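Colleague: Sharing a structure here in C-alpha cells format.
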Amino acid sequence: VQLQASGGGLVQPGGSLRLSCAASGSIFSINVMGWYRQAPEKQRDLVAIVTSTGTTHYADSVKGRFTISRDNAKNTVYLQMNSLKPEDTAVYYCNVNQKGYNYWGQGTQVTVSS
C-alpha cells in the first residue's frame, strides 16, 4: 500500500486548506482512513478518521473546524481544514489501517502563521 498526500502549505490564521491522500496498491474494501499530525518535539496525534462506511471520529481540538471525507471509488481521503489556528501547525500524515496493519503517507507540512 502506498499513500500520496498533498495540499499542505502556509496559511494565515482563520484560513482554510484541503489535504488529499490517494492510496494505491492492495486496498481492501473494509478499512479505516485518517489523518494524524505531529508538531515539532511532540508525539504524533490523531486528527480524524473515517471508516469505509462513513463513520467519523475527530480529535476534540478540531471538532467543528475540520471535516474528513473519503471517496471509496478513488481510494482517497480528504481533510478540509477551516478556521485554522497557529496551534494546527504540524506535519500531517495520512493513514490507512486494514486487517490490523498501519500504512503511512510521507507527510505534508501545514503552517498557520501571519
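Colleague: So how exposed is K74, as accessible area in Å² (1.4 Å probe, rounded to 10)?
Modeller: The accessible area comes out at roughly 130 Å².
Colleague: Given the Cα-Cα distance of A39 and S114 and 0.36 nm per residue of separation, how much length would full extension add, in nm?
Modeller: On the way: separation 75, 0.36 × 75 = 27.00 nm, distance 1.78 nm.
Gain on stretching A39 to S114: 25.2 nm.
Colleague: In addition: Projecting each Cα onto the charge dipole of the chain (Lys/Arg +1, Asp/Glu -1 at the beta carbon, about the Cα centre), which of N82, A23, Y93 comes out farthest on the positive side?
Modeller: Positive-end residue among those listed: A23.
Colleague: Let me ask you something else. Using a cut-off of 27 Å between alpha-carbon atoms, which lysines can reach K74, once sequence neighbours fewer than 8 places away in the same chain are excluded?
Modeller: K63, K99
Colleague: Could you order F66, F28 so the one with the most accessible surface comes first? Probe is 1.4 Å.
Modeller: Descending accessible area places them as F28, F66.
Colleague: About its Cα centre, what dipole magnitude does region 1-109 give when the only charges are +1 on Lys and Arg Cβ and -1 on Asp and Glu Cβ, stated in debye to the nearest 20? Write down the numbers at each step before the final one.
Modeller: Numbers: 10 positive and 6 negative charges, 31 e Å.
Rounded to the nearest 20 debye, it is 140 debye.
Colleague: With springs only between Cα atoms under 10 Å, which of G34, G25, G54 fluctuates most in a Gaussian network model of the chain?
Modeller: Answer for the Gaussian network model of the chain: G25.
Colleague: Which of P13, P40, P86 ends up with the largest GNM mean-square fluctuation for the chain, with Cα atoms connected below 10 Å?
Modeller: In the Gaussian network model the winner is P40.
Colleague: OK, next. May I ask you to compute the full-extension gain from E87 to A73, defined as 0.36 nm times their residue separation minus their alpha-carbon distance, rounded to one decimal in nm?
Modeller: Contour length minus the Cα-Cα distance gives 1.7 nm.
Colleague: Quick one: among N72, N82, N97, which has the greatest mean-square fluctuation in a GNM of the chain with alpha-carbon springs under 10 angstrom?
Modeller: Fluctuation is largest for N72.
Colleague: Another question, if that's okay. Under the 0.36 nm per residue contour assumption, what length would be gained going from the current alpha-carbon distance of L46 and K99 to full extension? Intermediate results must be reported in sequence, preceding the final value.
Modeller: Details: separation 53, 0.36 × 53 = 19.08 nm, distance 1.91 nm.
That pair, L46 and K99, stretches by 17.2 nm at full extension.
Colleague: Next up: How far apart, in nm, are the 7 Å Cα→Cβ label points at S29 and S16?
Modeller: Inter-label distance under the simple model: 3.3 nm.
Colleague: Would you mind checking the radius of gyration and Dmax of region 1-113 based on alpha-carbon positions, in Å?
Modeller: 13.2, 39
Colleague: Could you sort W104, W35 by their accessible area in this structure, using a 1.4 Å probe and putting the largest first? Walk me through the numbers on the way to the answer.
Modeller: On the way: W104 105, W35 0 Å².
Largest accessible area first, the residues go W104, W35.
Colleague: What percentage of the solvent-accessible surface of region 1-97, computed with a 1.4 Å probe over protein heavy atoms, is contributed by carbon and sulfur atoms?
Modeller: The nonpolar share, carbon plus sulfur, comes to 49 percent.
Colleague: Which net charge results for the neighbourhood of G107, defined as the other residues with beta-carbon distances under 10 angstrom from its beta-carbon, given Lys and Arg at +1 and Asp and Glu at -1?
Modeller: That works out to +2.
Colleague: Counting only other residues whose beta carbon sits under 12 Å from that of W35, what net charge do I get with K and R as +1, D and E as -1?
Modeller: Numbers: positive: R18, R37, R44, R70; negative: D45, D88.
Residues close to W35 contribute a combined charge of +2.
The values are calculated or read from the model by the stated rules, or taken from the named source; none is laboratory data. Everything quoted here is computed from the prediction, not taken from an experiment. Counting neighbours? That spans all protein chains shown, and the Cβs are built from the backbone with ideal geometry, glycine included. Please note that ligands, DNA and RNA were not included when accessible areas were found on the heavy atoms of the full protein model with its side chains. Shrake-Rupley method; radii C 1.70, N 1.55, O 1.52, S 1.80 Å.
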